[in-house]
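The values are calculated or read from the model by the stated rules, or taken from the named source; none is laboratory data. Quick caveat: nothing in here was measured; it's all calculated off a predicted structure. All Cβ positions, even for glycine, are placed from backbone atoms using ideal geometry, and neighbour counts span all protein chains on display. Just so you know, the surface numbers come from the protein's heavy atoms only, side chains and all, with ligands and any DNA or RNA stripped out. Shrake-Rupley method; radii C 1.70, N 1.55, O 1.52, S 1.80 Å.
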Amino acid sequence: MLTKRVIPCLDIKDGRTVKGVNFIKLRDAGDPVELASQYARENADELVFLDISATEQKRKTLAELVLKIASEIDIPFTVGGGIRSVKDVSILLKNGADKVSINSAAFKNPKLINEVSEHFGSQCLVVAIDAKQIDNNWKVHLVGGKVPTKIDLYEWAKEVENRGAGEILFTSMDHDGTKNGYANKALSKLSSEVNIPIIASGGAGNISHFIDTFTIGNADAALAASVFHFGEISIANLKQELKKNQIVVRI
Amino acid sequence: MIAIIDYGAGNVCSLKFALERLGVKSELTSDPKMINSCEKVIFPGQGSAGKAMEKLKKTGLDLLIPFLKQPVLGICLGMQLLCDKTEEGGVNGLGIISGDVLRFSNNVKVPQMGWNNIYNLSTPLFNNINEGDFMYLVHSFYVPLIDETIGQSNYNGLYSVAIKKNNFYGVQFHPEKSSKSGSQILKNFLTI
């Protein structure tokens, strides 16, 4: 049976791992390759690397880091941050990334989704969506959640699916950094509206939050950062608890 | 030397690294002479079936691969292209293994993405692999159960997670991304 996935997310800035608390305050949490290998050993199902410093100058550094990660770890990983073109995607995939995650660029140029999935297959394309509730409606936000748009979360999710996204990484800006749990209501609705896997992101604080997002939120995967980086939750322990709660996981 | 067939498939780098971790050198190549002379050939896969077949035809590899005599391992799309035809754009494959590749029904999320158990394993490809071991899979299309099935998995029903005919092996999962068990399968292939 297909298992639910647990995905540590490593935010990368200048080649180091950081975690944004509500995307603004940054804390250092170590060397990405070392952390990645450790998570792989602990049975993490996948890894996500988000380059939050992704500017043109940093692009080469990121490509080199991806190569280093690919040589060391034997589980799948996704790379995101500042990807704007088919060429950007091509470089990262060639260097060993299994998937790329595109956020703002996909929103500004939705055709990019079609192009990437036609070139490399939808299996390697994650579209990341940051959203926040405004007057009880979930609205897509851009640039790491700083810029609101008028577009509805579900509407955009359906469009990215139709254009060829293989997966959606949904971050609730209302939950991110709070450690109060994932946006399970929105996640569950998202899962019923689209037929591609959904990765829940934003809000993990304890083990019951993971249980809830897999059961109530119907998420296919759950992503978290600081709870793993600072050792508040161990992946091994988390998976045992998930299993006890009848959630199918790889142990 | 191991040849990894180069036809512009996405992430072949991981495969090269996985082989390196096993202490084996590989060469990414589309040169027929080189491919012919290698003791093992890996036919990787990622991307779309149509684009892949186009590239193979351009380089004449579509005519070479079916006549290879050494062990060949198709991975993911590489496995699917060993078959006759795929529902992915109605593309014709290499026709080495008869059977059609189908799309998962929308009763389940498509693509299947993640770790799934493999069962009913046979042939030395699965030496030291336990029934129920987990492999990493990402795919929207699948090979149903056929005579050549040597491993099964379940996603909205049973399907072929591995197939074999003569010297041709195919696996739907990514051994290069499937942690220790995946590495064991690559090791097994290298000793076939």
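When you scan the stretch A:90-97, do you find a residue that is touching a His at 6+ places or on another chain (Cβ under 9 Å), of a type in the set (Ser, Thr, Tyr) and either within 26 Å of residue B:23 (Cβ to Cβ) or within 13 Å of chain B (Cβ to nearest Cβ) (or both), even just one?
yes
Could you say whether any residue in the stretch B:45-52 is modelled with pLDDT under 95, under 12 Å from residue B:171 (Cα atoms) and crowded, with 23+ Cβ neighbours inside 10 Å?
Yes - at least one qualifying residue is present in the stretch B:45-52.
Yes or no, residue by residue, for (1) in a loop (DSSP other than H, G, I, E, B); (2) over 23 Å from residue A:123 (Cβ atoms):
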{"position": "A:157", "(1), (2)": "no, no"}
{"position": "A:170", "(1), (2)": "no, no"}
{"position": "A:179", "(1), (2)": "yes, yes"}
{"position": "A:182", "(1), (2)": "yes, yes"}
{"position": "A:186", "(1), (2)": "no, yes"}
{"position": "A:192", "(1), (2)": "no, no"}
{"position": "A:204", "(1), (2)": "yes, yes"}
{"position": "A:212", "(1), (2)": "no, yes"}
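Starting from residues that are farther than 19 Å from residue B:107 by Cβ and open to solvent by less than 10 Å² (accessible area, probe 1.4 Å), keep the ones in the stretch A:183-200 and report whichever is nearest to the other protein chains (Cβ to nearest Cβ).
It comes out as A:199.
Taking the stretch B:173-183 as the region of interest, how many residues are more than 22 Å from residue B:38 (Cβ to Cβ) and out of contact with any Ser or Thr (no Cβ under 7 Å at 6 or more places or on another chain)?
Qualifying residue count, the stretch B:173-183: 5.
Which residues, counting only those in the stretch A:147-163, are aliphatic (A, V, I, L, M) and crowded, with 17+ Cβ neighbours inside 10 Å?
Result: A:151, A:153, A:157, A:160.
Quick one: which strands (runs of 3 or more DSSP E) sit completely within the stretch A:77-140 and have at least 3 residues that are touching a residue at least 24 places away in the same chain (Cβ under 8 Å) and among the β-branched types (Val, Ile, Thr)?
Here the list reads A:125-134.
So residue A:70 ticks every box in (1) assigned to a loop (DSSP other than H, G, I, E, B); (2) within 11 Å of chain B (Cβ to nearest Cβ) but one. Which box is left unticked?
Every condition holds for residue A:70 apart from (1).
When you look at residue A:139, is it more than 30 Å from residue B:88 (Cα to Cα) and basic (Lys, Arg), yes or no?
So residue A:139 fits the description; yes.
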